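Colleague: First the structure, which I've put down as structure tokens, then a few questions once you've had a look.
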Amino acid sequence: MYGFALPEQPAISPDGSEIVYVLRTTDREKDRDVQSLWRVSGGNAEQLTRGETDVAPAWSPDGARIAFLRAQDGPAQLWLLPANGGEPEQLTSLPLGAGAPVWSPDGTAVAFSAPVDEGDAKAPVVADRLDYKADGSGFLRTIRSHLHVLDLDGREVRQLTGGDWHAGPPAWSPDGTQLAFAAATDSDADLTFRAPVHVVSAAGGEPKLVGLASGQAATITWTEDGTALLVTGRTTTDTGHLGLLRVPLDGGEVRNLAEALDRNVMPGMAGYPGGLPALSPQGVVFCARDRGCTQLYVVDDEPRLLVGGDSQVVSGLSVSGGTAAVVLGTATSYGEIATVDLASGEVTVHTGHNPDTERFVPQEREFTVSDGTVVHGWLVRDPERTGPLPLLLDIHGGPHNAWNGSADPVHLYHQVLARRGWAVLLLNPRGSDGYGEAFYQAALGAWGKADARDFLEPIDQLVAEGTADPDRLAVTGYSYGGFMTCYLTSRDRRFAAAVAGGVVSDLTSMAGTSDAGHALTALELGGAGEHLAELSPLTLVDDVRTPTLIYQGANDDRCPVGQAEQWFTALRQNDVPARLVLYPGASHLFILNGTPSHREDFNRRVVDWVREHTGEGRALDAKHWQRRLSVLAKKHGVPGAVLGILRGDDVAEACHGVLSTATGVEVTQDSVFQIGSIGKVWTSTVVMRLVDEGLLDLDAPIADVLPELRLSDPVVAQKVTMRHLLTHTSGIDGDVFTDTGRGDDCLERYTEQLVDAGQNHPLGATFSYCNSGFVLAGRVIEKLTGQTWDAAMREKLFSPLGLERTGTLPEEALLHRAAIGHVEKDGKQVPAPVWALPRSVGPAGTIFSTTADVLRFAKMHLDGGGSVLTEATAAAMTEKQTDVPDPNALGDSWGLGWIRFGWDGHRLIGHDGNTIGQSAFLRLLPEQGLAVTLLTNGGHARELYLELYREIFAELAAVAMPRPLEPGDPVEVDTARYVGRYERASSRLDVSTGERGLRLKMAVTGSLAGLVPDPPEVDLVPVTDELFVFRDSEQESWTSLVFYRLPTGEEYLHMGVRATPKVS
């Protein structure tokens, strides 16, 4: 949703060479839509304005200027923009704002309808009529909309009309002397629903009623000769199609120019695509809906189709000469600016704001129900999926709206569910638009009773044909669809889950509380009476057993929030699983144009609810884990962190804090962190891909690939295998971080200097974590691929998985929001002096990534290797290769790259990573398809990991994470034998005797000295004869270490998964 760029409101220039339009995008940080003006000319689209709400563009008759509305620090005002470039000028400063501009034919004036306050806006609300409130505006009090004219020469605004009624948008007469508009001026118009056509002099005066005295007018256009008006409306006030009415000003016969179509004329409004009828040399160009799709027609003698079919939907209409500009949506496009040659019907698309999306194109279906009615609709599903699928029935609103097969930027859950193996059924039951007026009126007075079979019988047919799983059916809908969701679940128990939005549950109370309640009752339901209770879902709410999610705009005046509250209360009292979600400040149409975060939220909730209650398990609650991450990160002094959770196809992400305490830049979901030694599993994965390709044997000496290899022990150099390297059993001193430069030969040079690295233990004799062994593995990758390790990782792993924010080099990280590691100084977290380890140790731990990319890597392994590894190889990586001397430190054993963990009787795999001031954690529970990653940039990251992961795995997997080892009862140990110095590359450990037993002093040596502070000296507390634990004053959890001997007698201290030999 946040990546959409949706064209709207096209306006073609008088010469037909250019189109100005509105482009709607979304600012995620500000949580609002942004609307700016764009222009397309000669095939190139360019942005014209930089306002946040620039709408309603209108060309001056000479094409030199563009009037538009801009909301800036207050209500929308009229602005004027030179067409050839320059800064826009504000024209009005009306207290309540202005309406869409309409140019006079001579270009000297602009007319518009605008709200005015006829009294005290702070006084009590006093209503004598039923039209005292409106959805999206609330209580209207004394605010009324009236016609205004702005004379451009003097910049003077004149109000033309006034009174206790609202004037619709104006239309200039061809000679510029009059303005036509629709208005319900009668004192009883709230009861009669009459909205006739009026004309007022542009110089002022009393409006004159000129047509449709007993009818309804929506929009108005003048004929070219000025003798008649073209009105979208009806000659009566009953429910039915809008016509394209030619209304003579001399009182002659009104004629419906679109009558032959038997289709509803669509002037265009929110949720109902269409456009204002316009004149052309070919006739009157207008929009009408057929089989759910708004199509473009032209009428002279008889209507002729210009654009339609193939799920094409027209919205917005502007005509100049023989060319029409429209927004054209298709089955694969949310809409682009296009022009239509009115003579030939040829369509030319001019923009590419939304390239064809990878989406499932709805399959058109027809179902014949038991009374012979044909119900038309669409089925959204993955055509590759076979067998009965869980099915969601989605019911449109209106009730006179209609689904169509074009790409839908509102109901995003359709595509999400289809990707997850669902079918989504979109039906246009009787009452829907686009199938003739008789069909349109077929449910009047019988909501639910008349159309329930139009939903239930097609489901029966899909179950019978093996498309739908009868045990996994769900239903949802909004507005009328919310009513029908409640109606169906109160009368049918086939649905395992329901989601009702914009609910109407009680027609009697709705009639007196909705802003359109009286009109709906009178025109749609046959008037007030006992039959309203029969039709109301609330009457049979005690029969509902379907778990139901209810969502509603808290400021909805069309379907008042009390309707949702009544339904929720009744379900809750009856012990039916139910949840009520109210969106603060949201009106009825919030799903179309409300706060972006609200629109995202309701889409996500639909998916989560139906999946949870059809047996797919409870959805991940990203907001809950966001709260927990923030609370625990603050508790443990972590400057910045990101959390990612994957379960099946569900992903939840959370972020906290700052990338750097020095800059204060916030962490976001696309921030990159160093993943440290988690990268060893990534390097191992590429090694195993080379095994799959037949280029490498795990048990052959790597000297076969690196004949030049020289180590301190020549025998090891000839016998060490890739399996030794991936399982940390080579014995090569592991913490060698020599910087051999930034060149592409750095791994080669690093390998050459390993001849000076010690041999910590005999080959294969024990386990000792070995960074240098992974650099050797990286060098083998280089020799076999002919590329640098960095390039090979991109080609063999990053690119196949689509990891767009993953890399190995600092200059690549600079292209993203990169986290800075932190170290403690004077009790504060300050940026580390160095960002990353040298390039020469890249295969051991210089990869950076995001939670999303780490989870993609994890999912590949959970899915058996995906496109990267064979299933057998991916499984082999998780199998036990070696035990570890201290199973309390991390895992109880090691695979090929993976650490293996035994938690609460369950087998997990994973890895941790620590670099300069950054720590990363990854755990996978294959049996449940669960993966969790945490990336941090300082503080007590391990304590955060322990507390957060314990909660996550308990709640999501019912797996108890083992508690860190703690001291038990006092143990008598002969400690003298352990006193001495233990040393390997980068680390010196001195064990001495203190007042309370053994003490350990640790020192960082070698190339890391000065980059990583020395840990404080600590007391060692015995747990067994060989196992000890310790912690410093800053730690909450204990760290373990083991003293042990090899069968050949050599003494070692095993701590931090490293074997450090005793040297004195």
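The values are calculated or read from the model by the stated rules, or taken from the named source; none is laboratory data. All figures in this text were calculated on a predicted structure; none of them were measured in a lab. No Cβ is skipped: glycine too gets one built from the backbone with ideal geometry, and neighbour counts run over all protein chains shown.
Colleague: Can you tell me which residue in the stretch 678-732 is farthest from Pro885 (Cα to Cα), limited to those that are among the small types (Gly, Ala, Ser) and outside any helix (DSSP H, G or I)?
Modeller: Gly694
Colleague: Pick out the one residue from Gly136, Gly99 that is closer than 30 Å to Asn555 by Cα, surrounded by 17 or more Cβ atoms within 10 Å (Cβ to Cβ), assigned by TED's automatic domain parsing to the domain that holds Gln178 and modelled with pLDDT of 95 or more.
Modeller: Gly99
Colleague: Starting from residues that are within 16 Å of Pro547 (Cα to Cα) and either of a type in the set (A, V, I, L, M, F, W, C) or without any contact (Cβ under 8 Å) to a residue 12 or more places away in the chain (or both), keep the ones in the stretch 487-537 and report whichever is surrounded by the fewest Cβ atoms within 10 Å (Cβ to Cβ).
Modeller: Ala496
Colleague: What are the residues in the stretch 42-67 that are in a strand (DSSP E or B) and under 18 Å from Leu6 (Cα atoms), if any?
Modeller: Asn44, Ala45, Glu46, Gln47, Thr53, Asp54, Val55, Ala56, Pro57
Colleague: Could you say which residue among Gly895, Gly913 is over 21 Å from Leu632 (Cβ atoms) and surrounded by 18 or more Cβ atoms within 10 Å (Cβ to Cβ)?
Modeller: Going through Gly895, Gly913 in turn, just one is over 21 Å from Leu632 (Cβ atoms) and surrounded by 18 or more Cβ atoms within 10 Å (Cβ to Cβ): Gly895.
Colleague: Just give me the residues in the stretch 818-863 being part of a loop (DSSP other than H, G, I, E, B), touching a residue at least 40 places away in the same chain (Cβ under 8 Å) and surrounded by fewer than 18 Cβ atoms within 10 Å (Cβ to Cβ), in sequence order.
Modeller: Correct list: Pro833, Val834, Pro838.
Colleague: On to the next question. Test Gly398 against the criterion of being of a type outside the set (Ser, Thr, Tyr), in contact with a helix residue (DSSP H, G or I) (Cβ under 6 Å, 6 or more places away or on another chain) and either farther than 20 Å from Asn603 by Cα or in the same structural domain as Leu549 (by TED's automatic domain parsing) (or both), and give yes or no.
Modeller: Yes.
Colleague: Another question, then. With respect to Ala325, determine if the residue is surrounded by 24 or more Cβ atoms within 10 Å (Cβ to Cβ), aliphatic (A, V, I, L, M) and outside the structural domain of Ala288 (by TED's automatic domain parsing).
Modeller: So Ala325 fails the test.
Colleague: Within the stretch 994-1013, which residues are under 24 Å from Pro831 (Cβ atoms) and part of a strand (DSSP E or B)?
Modeller: As a first pass, look at the stretch 994-1013 and keep what is under 24 Å from Pro831 (Cβ atoms): 1002-1013.
Selection gives Met1002, Ala1003, Val1004, Ala1009, Val1012.
Colleague: In addition: Working carefully through the options Asp608, Asp650, find the one that is in the same structural domain as Tyr551 (by TED's automatic domain parsing) and not β-branched (Val, Ile, Thr).
Modeller: Asp608
Colleague: If I ask for residues that are of a type outside the set (Lys, Arg) and within 29 Å of the chain's Cα centre (by Cα), which ones from the stretch 796-809 would you list?
Modeller: Within the stretch 796-809, Leu797, Phe798, Ser799, Pro800, Leu801, Gly802, Leu803, Glu804, Thr806, Gly807, Thr808 qualify.
Colleague: Also, quick follow-up: Test of understanding: among Thr294, Thr348, Thr339, which residue is of a type in the set (Val, Ile, Thr), without any contact (Cβ under 8 Å) to a residue 24 or more places away in the chain and either crowded, with 24+ Cβ neighbours inside 10 Å or not in a loop (DSSP other than H, G, I, E, B) (or both)?
Modeller: So the residue among Thr294, Thr348, Thr339 that is of a type in the set (Val, Ile, Thr), without any contact (Cβ under 8 Å) to a residue 24 or more places away in the chain and either crowded, with 24+ Cβ neighbours inside 10 Å or not in a loop (DSSP other than H, G, I, E, B) (or both) is Thr348.
Colleague: Within the stretch 864-896, work out how many residues are in contact (Cβ under 8 Å) with a residue 12 or more places away in the chain and in a helix (DSSP H, G or I).
Modeller: 5
Colleague: Sort out for me the strands (runs of 3 or more DSSP E) sitting completely within the stretch 531-648 that have 2 or more residues that are closer than 21 Å to Leu393 by Cβ, hydrophobic (A, V, I, L, M, F, W, C) and in contact with a strand residue (DSSP E or B) (Cβ under 8 Å, 6 or more places away or on another chain).
Modeller: Those strands (runs of 3 or more DSSP E) span 548-553, 578-583.
Colleague: Could you tell me whether Arg963 is part of a loop (DSSP other than H, G, I, E, B), out of contact with any strand residue (DSSP E or B) (no Cβ under 9 Å at 6 or more places or on another chain) and either closer than 29 Å to Ala765 by Cβ or without any contact (Cβ under 8 Å) to a residue 24 or more places away in the chain (or both)?
Modeller: Considered against the rule, which asks whether it is part of a loop (DSSP other than H, G, I, E, B), out of contact with any strand residue (DSSP E or B) (no Cβ under 9 Å at 6 or more places or on another chain) and either closer than 29 Å to Ala765 by Cβ or without any contact (Cβ under 8 Å) to a residue 24 or more places away in the chain (or both), Arg963 comes out as yes.
Colleague: Select from the stretch 117-127 the residues that are touching a residue at least 24 places away in the same chain (Cβ under 8 Å) and either closer than 22 Å to Ser587 by Cβ or out of contact with any strand residue (DSSP E or B) (no Cβ under 6 Å at 6 or more places or on another chain) (or both) and list them in ascending order.
Modeller: Asp117
Colleague: Could you tell me whether any residue of the stretch 181-199 is touching a Ser or Thr at 6+ places or on another chain (Cβ under 7 Å), among the aliphatic types (A, V, I, L, M) and under 29 Å from Leu279 (Cβ atoms)?
Modeller: no
Colleague: Go through Arg419, Arg381 for me and flag whichever is at pLDDT below 95 and assigned by TED's automatic domain parsing to the domain that holds Asp469.
Modeller: Arg419
Colleague: Here's another thing I want to ask about it. With the condition kept exactly as written, say whether any residue in the stretch 246-262 is in contact with a helix residue (DSSP H, G or I) (Cβ under 7 Å, 6 or more places away or on another chain), part of a loop (DSSP other than H, G, I, E, B), over 19 Å from Gly99 (Cβ atoms) and outside the structural domain of Ala443 (by TED's automatic domain parsing).
Modeller: Yes, the stretch 246-262 has at least one match.
Colleague: Let me ask you something else. Looking at the stretch 1035-1050, can you tell me whether even one residue there is farther than 15 Å from Asp886 by Cβ, assigned to a strand (DSSP E or B) and either among the polar types (S, T, N, Q) or at pLDDT 90 or above (or both)?
Modeller: The answer is no, given that none of the residues of the stretch 1035-1050 is farther than 15 Å from Asp886 by Cβ, assigned to a strand (DSSP E or B) and either among the polar types (S, T, N, Q) or at pLDDT 90 or above (or both).
Colleague: Just one of (1) loosely packed, with under 14 Cβ neighbours inside 10 Å; (2) out of contact with any strand residue (DSSP E or B) (no Cβ under 9 Å at 6 or more places or on another chain) trips up Leu130, so point out which.
Modeller: Evaluating Leu130 over (1) loosely packed, with under 14 Cβ neighbours inside 10 Å; (2) out of contact with any strand residue (DSSP E or B) (no Cβ under 9 Å at 6 or more places or on another chain) leaves (1) as the failure.
Colleague: A further question follows. Could you grab me the full set of residues in the stretch 538-559 that are surrounded by fewer than 19 Cβ atoms within 10 Å (Cβ to Cβ) and of a type in the set (A, V, I, L, M)?
Modeller: Selection gives Leu540, Ala554.
Colleague: Test Leu317 against the criterion of being touching a Cys at 6+ places or on another chain (Cβ under 7 Å), outside the structural domain of Leu589 (by TED's automatic domain parsing) and not basic (Lys, Arg), and give yes or no.
Modeller: Spelling it out, Leu317 is indeed touching a Cys at 6+ places or on another chain (Cβ under 7 Å), outside the structural domain of Leu589 (by TED's automatic domain parsing) and not basic (Lys, Arg).
Colleague: Now a separate question. Which of the residues belonging to the stretch 761-806 are outside any helix (DSSP H, G or I), in the same structural domain as Ala874 (by TED's automatic domain parsing) and out of contact with any strand residue (DSSP E or B) (no Cβ under 6 Å at 6 or more places or on another chain)?
Modeller: Gly786, Gln787, Thr788, Gly802, Leu803, Glu804
Colleague: How do the strands (runs of 3 or more DSSP E) wholly within the stretch 903-956 filter down when requiring 2 or more residues that are over 17 Å from Leu646 (Cβ atoms) and not small (Gly, Ala, Ser): which remain?
Modeller: 906-914
Colleague: Moving on to the next point. Could you figure out which of (1) in contact (Cβ under 8 Å) with a residue 60 or more places away in the chain; (2) closer than 30 Å to His598 by Cα; (3) surrounded by fewer than 21 Cβ atoms within 10 Å (Cβ to Cβ); (4) over 25 Å from the mean Cα position of the chain (by Cα) isn't true of Tyr21?
Modeller: (3)
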